[in-house]
Amino acid sequence: VEGVEVFAHHGFTAEEQQLGHRFRFDLEVEVAAGRSWGGDSLADTVDYGDLVAIVQEVTAGERVRLVETLAARVLNLIEERLPSATRARVRVAKLQPPVPGVVAAAGAVLERRWER
């Protein structure tokens, strides 16, 4: 799922948290080989609506200072709620961050694998 954009109150400074920012999430999720091939059942794969809901839940939750923390929380919920997922990669970008100069985005990428 690419380009999940949300407005949320996360940031390193109290001012950033108060004002809020736009964030963009890109998520890649891998499922075990053979689980969803040919069966055509959503139960055997990952519903991208569930991924969007996870991003929305994390960003609406407790305020954090780092985009890495947001990514880690998304990964935690993917592991907990999506049993068909064996690997996930989450890219979080804070759009137009409050830094000197013109910067489109600043962010981080976290990836995790699970033995299922």
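The values are calculated or read from the model by the stated rules, or taken from the named source; none is laboratory data. Keep in mind it's a predicted model, so treat the numbers as computed, not measured. Positions of Cβ are backbone-derived with ideal geometry, glycine not excepted, and every protein chain shown enters the neighbour counts.
Going through (1) in contact (Cβ under 8 Å) with a residue 40 or more places away in the chain; (2) under 22 Å from E30 (Cβ atoms); (3) not in a helix (DSSP H, G or I) one by one, E111 falls short only on (1).
May I ask you to say which residue of L51, L95, L70 is of a type in the set (A, V, I, L, M, F, W, C) and farther than 16 Å from E2 by Cβ?
Values: L51 fails: farther than 16 Å from E2 by Cβ; L95 fails: farther than 16 Å from E2 by Cβ.
Every option except L70 fails the conditions.
Confirm whether T86 is in a strand (DSSP E or B), farther than 16 Å from E2 by Cβ and not aliphatic (A, V, I, L, M). Answer is yes for this residue.
Can you work out which of the residues in region 43-81 that are outside any helix (DSSP H, G or I) and not acidic (D, E) is surrounded by the most Cβ atoms within 10 Å (Cβ to Cβ)?
V46
Based on what the data block shows, is V92 among the aliphatic types (A, V, I, L, M) and either crowded, with 16+ Cβ neighbours inside 10 Å or modelled with pLDDT under 95 (or both)? When the stated conditions are applied, V92 passes them. The single residue among R116, R91 that is touching a residue at least 40 places away in the same chain (Cβ under 8 Å) and part of a loop (DSSP other than H, G, I, E, B) turns out to be R116. Evaluated against (1) exposed (fewer than 12 other Cβ atoms within 10 Å of the Cβ); (2) not in a loop (DSSP other than H, G, I, E, B), E30 falls short on exactly one condition, (1).
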